[in-house]
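J.: Handing you this structure, nothing more for now.
The values are calculated or read from the model by the stated rules, or taken from the named source; none is laboratory data. The model shown is predicted, which means the values in this text are computed figures rather than measured ones. Cβ placement follows ideal geometry from the backbone for every residue including glycine, while neighbour counts extend to all protein chains displayed.
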Amino acid sequence: MGKRAGELVQNAKTLGVYSTLDIRQRRKWSHVRKGRWVATRQRLQRLRHLKKAGAKQVGEVFTTGIVAAVTYAADTTGVPPKQLTSMRADKLSLDMEFLTGVDTELQCLLYPTAYDPCLKIQAAPLLRYHKEVWWIGLGTASNQCPGDVLSMTDIRQAHEQAQEWFKKGQYYKAGPVGHALHAASLVTWKFVTPFDIEDQNGDPISLWAGTPTCLGDVYAKA
């Protein structure tokens, strides 16, 4: 069976996804993801050549292909703000809508929320955090929950640790929860408790109520 079934693989390729809370695995941008970003810039250069040659709808190709590739597992590892800004600028440039000297995020606000290639990526860590809380509310008996649902104690402890790093400006060292705090802060939301958020208007948002999809819709309008 050896030749037919192949050899047993003892290790696998590192994908740059670190869901552990061990800060030794926390980096702003791991070497694996840096390599993925470099490859993405090379693909973007080819798209620009196609654009000059007269190709149409390269902006859509950028959103569905390149953005999806570089933001793999963004819900647990996040994406650095500079990369988000760069991707927004690239999208606007490919669509010939980029305005020099104007903030790229403000430019994207001129279009429907679906236009912004980074909005879902930016919100991904917060929505993943909400999903973990939502699963606790559903209970382990629900067929919608995975088998390794976190407990309320786990969430509280991880949130407390993340808050400490967040206050130091090093949210990425707190893992997925730190990225969730950062995602909330990007739309001027702030956590009041591990399960409650205060939005940009000071209104409360309970993570026990509603689904992550609903929270994503509210986030997009913030």
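J.: Just for the range 70-120: of the residues that are in a loop (DSSP other than H, G, I, E, B) and aromatic (Phe, Trp, Tyr), which one is modelled with the lowest pLDDT? Lay out the reasoning, then the answer.
T.: Just the residues of the range 70-120 that are in a loop (DSSP other than H, G, I, E, B), to begin with: 71-73, 78-80, 95-103, 109-112, 116-118.
So of that shortlist, the ones also aromatic (Phe, Trp, Tyr) come out as 72, 98, 111.
Values: TYR72: 68, PHE98: 82, TYR111: 85.
Among those that are in a loop (DSSP other than H, G, I, E, B) and aromatic (Phe, Trp, Tyr), it is TYR72.
J.: Do we find a residue being touching a residue at least 24 places away in the same chain (Cβ under 8 Å), over 22 Å from THR77 (Cα atoms) and not hydrophobic (A, V, I, L, M, F, W, C) anywhere in the range 198-220?
T.: no
J.: Which one of these is of a type in the set (A, V, I, L, M), farther than 15 Å from ALA222 by Cα and assigned by TED's automatic domain parsing to the domain that holds ASP217: LEU92, LEU138?
T.: Values: LEU92 fails: assigned by TED's automatic domain parsing to the domain that holds ASP217.
Going through LEU92, LEU138 in turn, the sole match is LEU138.
J.: Could you say which residue among GLY178, GLY216, GLY137 is out of contact with any helix residue (DSSP H, G or I) (no Cβ under 9 Å at 6 or more places or on another chain), assigned to a helix (DSSP H, G or I) and small (Gly, Ala, Ser)?
T.: Unique residue meeting the criteria: GLY137.
J.: Give just the number: which of (1) crowded, with 20+ Cβ neighbours inside 10 Å; (2) in contact (Cβ under 8 Å) with a residue 60 or more places away in the chain; (3) farther than 26 Å from THR85 by Cβ does HIS159 not satisfy?
T.: The failed condition is (2).
J.: Going through the range 98-124 one residue at a time, which ones are free of Cβ contacts under 8 Å to residues at least 12 places away in the same chain and charged (D, E, K, R)?
T.: Across the range 98-124, the qualifying residue is only ASP103.
J.: Report yes if VAL149 is in contact with a Ser or Thr (Cβ under 8 Å, 6 or more places away or on another chain) and either in the same structural domain as ASP95 (by TED's automatic domain parsing) or outside any helix (DSSP H, G or I) (or both), otherwise no.
T.: On the way: in contact with a Ser or Thr (Cβ under 8 Å, 6 or more places away or on another chain): yes; either in the same structural domain as ASP95 (by TED's automatic domain parsing) or outside any helix (DSSP H, G or I) (or both): yes.
So VAL149 passes the test.
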